[in-house]
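None of the figures in this text is laboratory data; all of them are computed from the coordinates on show. This structure is a prediction, so every number in the text was calculated from the model and none was measured. Ideal geometry is used to build each Cβ from the backbone, glycine not excepted, and the neighbour counts take in all protein chains shown.
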Amino acid sequence: MKTLLLTNDDGYLAEGLQCLKAYLSGRYDVYVAAPDRERSAVSMSLTIHKPLRLNRLGEKDYAVDGTPADCINIALQKLLPRPPDFIISGMNEGENLCEDVFFSGTVAGAFIGHIYGIPSLAVSLIGDKENGTFNYEDGARVTGRVLEQLLPLKNNGIVYNLNIPARNSGKVVAASLGLKRYKPSMVERTDPRGRTYFWIGTGDPVADGDQGTDLETAAKGDIPLSVLKYDLNCFEELKKLSGALKQK
């Protein structure tokens with residue numbers, strides 16, 4: 001039986017994680033190491049200024065008072081008896097399309113698994129536009145189906161990013177990342193003691209869903225599955241820079 005490690009950034013009690021765990025248990029040997037509370041938009045941050053504590057909530061279930069990155073590190077080094085065959089981070093309550101992947105704690109959980117050389121998948125649910133609800137049961141089924149297709153590939157050099165619309169065709173499509181430019185809203189208020197504070201919101205991002213991107217795929221009602229690689233090198237620009245430096 002294959003071993004899975006689950007995490008998320010919505011917290012251990014989040015319905016998305018618990019529904020996914022219930023669906024995959026029995027089919028796989030499932031371990032859970034997830035934050036003890038919501039840790040959205042923390043990306044790959046690590047807790048280094050205080051000790052981490054965890055609560056064992058089941059035979060193979062742990063809640064950690066840290067980030068998704070903390071959870072994966074602790075699980076792989078201290079909790080699991082052996083490396084898992086696959087790591088799944090999610091199911092997140094909200095999309096992680098385009099530039100979202102840079103901020104998302106959900107995607108970060110999968111990236112940490114990738115750093116350890118373990119095939120990893122981030123899963124996010126896109127809410128119903130009419131009522132804002134999430135289809136957890138369908139999301140778990142789709143994730144299970146995608147996992148069956150990814151496991152034989154044994155690809156540990158990339159991260160998979162899956163976004164599942166609440167109302168979808170059931171068709172999973174390989175899609176590139178689109179563009180969604182953020183200019184976060186900055187709310188300025190005054191607290192009861194007269195001190196100014198600021199609260200950053202998501203703002204109103206401008207989306208550019210060209211054909212074949214995750215945005216365009218999701219908008220059509222299909223299910224985008226993207227491939228991410230942790231390589232920020234820009235080799236063409238590096239060549240130009242190297243040439244410019246040699247001229248000096």
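Computed values, structure above
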| read-out | value |
| --- | --- |
| Relative contact order [Cα under 8 Å, 6+ residues apart], the chain, whole percent | 17 |
| Shape category assigned to the range 1-109 from the gyration tensor of Cα positions, a/c cut at 1.5 | oblate |
| For the range 52-127: rounded, prolate or oblate by the Cα gyration tensor [a/c cutoff 1.5] | prolate |
| Within the range 1-87, trypsin sites (Lys or Arg not before Pro) in DSSP loop having at most 15 other beta-carbon neighbours inside 10 Å | 2, 27, 37, 53 |
| Restraint check, 220/240; 21/78; 50/154, Cα-Cα greater than 30 Å | 220/240; 50/154 |
| Total charge dipole magnitude, the range 175-248, about the Cα centre, Cβ charges on Lys, Arg, Asp, Glu only, Debye to nearest 20 | 540 |
| DSSP-defined antiparallel bridges as percent of all bridges, the chain, nearest 5 | 35 |
| Three-way shape call for the chain based on the alpha-carbon gyration tensor, with the a/c threshold at 1.5 | rounded |
| Trypsin sites (Lys or Arg not before Pro) within the range 192-229: DSSP coil, no more than 10 neighbouring Cβ in 10 Å | 193, 195, 229 |
| Segment residue 133-residue 15, length gained on full extension (0.36 nm per residue, minus Cα span) | 41.3 nm |
| Order of 24, 232 under a 10 Å beta carbon neighbour criterion, fewest first | 232, 24 |
| Residue order, fewest to most surrounding Cβ atoms within 10 angstrom, among 49, 114 | 49, 114 |
| For the range 123-187: relative contact order, % (alpha-carbon pairs under 8 angstrom, 6 or more apart) | 45 |
| Greater than 20 Å apart at Cα, pairs in 180/239; 129/183; 129/180 | 180/239; 129/183 |
| Euclidean distance between Cα centres, the range 125-192 to the range 216-248, Å | 21 |
